[in-house]
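Report on the structure given below.
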Amino acid sequence: MTVLSIIRDCLDALLHPSARYDALTRARHRAFMAPRLLGSLAAFAAFPVYLVLRGAPSAIEVAAFAWLIAPILLSWFLSRTGRYEGAHVLSSLALAGLIMAIAATTGGIESFAAIWLVVVPLEAALSASRRVAAFASLLALSCAGLLILLSQLGWLPAGDLNGAERGVMMAFGVASATLYAAGLAFGAESLARTSVALLSREEERYRMLARNMSDVISRHQRNGAVQFISPAVEALLGMPVAQLLGHGLFDRVHVADRPAYLTALSDAARGDVRSVEFRLRREPAGSERGQIDFIWVEMRCRPLEDQRREATAELEVVAVMRDVTDRKLSEQALDQARSAAEAADAAKTRFLATMSHELRTPLNAIIGFSEMIAQEQALMLAASQRKEYAELINASGQHLLSVVNGILDMSKMESGNFEIASEPFAPRASLMHCCNLLALKARENGIDLITDAPQDLPMMTGDPRAFKQIVLNLVANAVKFTERGGQVTVSASASASQLTLRISDTGVGIAPDDLKRIGAPFFQCGKTYERRHEGTGLGLSIVKSLVALHLGELTVQSKVGEGTAVTVKLPLVYTPPQAKPSDKVAAESKIATLTPVPRHEVQDQPALVKKSA
């Protein structure tokens, strides 16, 4: 351990606690205390030698040596209070007082000690305080002026030294003052070097933090121009910092989010603290999430503190940005899950409302008419009346059977247990048969049912039962929702690879909001409790699922008050898809307007015979 390290440790033990945790303050306190303590100790060590050489000292000499205890007191004051500027003020007063005492007894302004007044402001410059330096300069000038005034008035005794001795003492005064000033210069240089080293170390520490932290720190003007941005933005956006300075970052903000971005910066420039979320475009290369064009970031901005600028100048803003894409994706997933849950709850409500109506009405008829037949003797029913009641009971039972069959078919399709029995058949014959079945109902409702099916329609391979059910459901819906005097047109055409069916009507049409939900199970247009037409709302859902199973396309176009047109495109040759989820999703995605019904892998089970709905 060297002598310097021992001295440094001793000085650190004397420092005020407030100076032990700041390197620059600690260095300044050391520089103040070390020369004063060493100087005082050297003076006291030289005092016996002075006595041997000079003999008994005078009263003034004793006072001068006693004055050398002042630096020790100043060091004690600084170590106790930590007031660095106050210690320098007291030091300037002590030094000026010592100089005045010596100069007053050795010739006034002509004394060798008067040159030391120059050292007073130089020593105060080490305080790094303009007020302390100004006070020390004014003190030195005042002392010099006072010495000149007292010398002119003759109030100070003239020196009793001859010319040679006066020259020696003057040389001694200049040399000692120069050496002391040199010591102050070296001390100032040491403090400056320490300050630069500490500043460089602090800057390197902040650079290391800026390089390694994931959040991006930036400084902006009020108009959004970037003055500084940390290197972490290169990992965030995949591009160098130089391209984001100025308006480079603003150009990468999503167009829809730019007003919110600029508003947050403008509010922060006025003194507020703002937080805003927006999207930033980044380069696909180097992206951890793959090919993504935009990411969500959260920016918290506030005015830059300690800005010494003109009152009319715009304030700058410091901002911290972080990637919140994962959080936004989680929020979107939660929103989708919430929407799905709400849709499921609405579907349950529609199902209960529909079933309560569709099942209760025919059951009431069955129970009522069967009770009347059971009491035919009391009621004296005629044979024609019993026959009519039996027909009504049969019709109600058939309606109940169709409702149950529809629910079962829908359940089979959604669970993936509905099998397509593919075989060759003539689509024109099936189409004409379905239209003939519904022709009577159309005439009873006063509706013209027009069928346009070319004679040369080619054979197709698929499930003829599913084909008939598609046509029956679509034509029955068109007839049901067309007012008396309207028209329903059923047309068919074929291309090289697919058959196109188009069923159009001049009915009530479908509102745009309801059109988005057409095909959902148990959904019917209008309010559930104000329906004008009976039905379970499963017709289009079954059609949609059957078309999807055949790898076809279904499109619904409608306008309120003008009618509806449903277009179905089916492949002429049905090819069973491979049992891959991606293929099933691709097939379902071809259905326009309607929400695809998810299908599971078709299981190997015996063919299920489906009754006509």
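Gain on full extension, evaluated as 0.36 nm per residue between W155 and M380 minus their Cα-Cα distance, stands at 65.4 nm. In region 102-144, whose amide N lies under 13 Å from the spot 7 Å out along Cα-to-Cβ of E85? List them in ranges. Label zone hits: 127-136. Based on C-alpha pairs under 8 angstrom that are at least 6 apart in sequence, region 106-253 has a relative contact order of 19 percent.
Using a simple spin-label model with pseudo-atoms 7 Å out from Cα toward Cβ, A343 and A421 lie 3.3 nm apart.
Extension gain, S370-L24: 0.36 nm per intervening residue step, less the Cα-Cα distance, totals 114.0 nm. Could you work out how far the C-alpha centroid of region 66-125 sits from that of region 474-498, in angstrom? Answer, in whole Å: 112. Ranked by the mean number of other Cβ atoms within 10 Å of their residues, highest first, the peptides 85-92, 52-59 come out as 85-92, 52-59. Model label points for A242 and L38, set 7 angstrom from Cα along the Cα-to-Cβ axis, are 4.9 nm apart. Full extension of the segment from R360 to F65, taken as 0.36 nm per residue of separation minus the current Cα-Cα distance, would add 94.2 nm.
For S497 and N436, the FRET efficiency from 1/(1 + (r/R0)^6), where r spans their Cβ atoms and R0 equals 22 Å, is about 0.20.
Above 32 Å, the calculated P(r) of region 3-207 contains 24 percent of its Cα-Cα pairs.
Applying 1/(1 + (r/R0)^6) with R0 = 45 Å to the Cβ-Cβ distance of V168 and M208 gives a FRET efficiency near 0.15. Using R0 = 60 Å, the C-beta based FRET efficiency linking E391 and D335 works out to 0.70.
None of the figures in this text is laboratory data; all of them are computed from the coordinates on show. Predicted model, so just to flag it, every value in this text is computed and none were measured. Because the Cβ atoms are built from the backbone with ideal geometry, glycine has one as well, and the counts that use them run over all protein chains shown.
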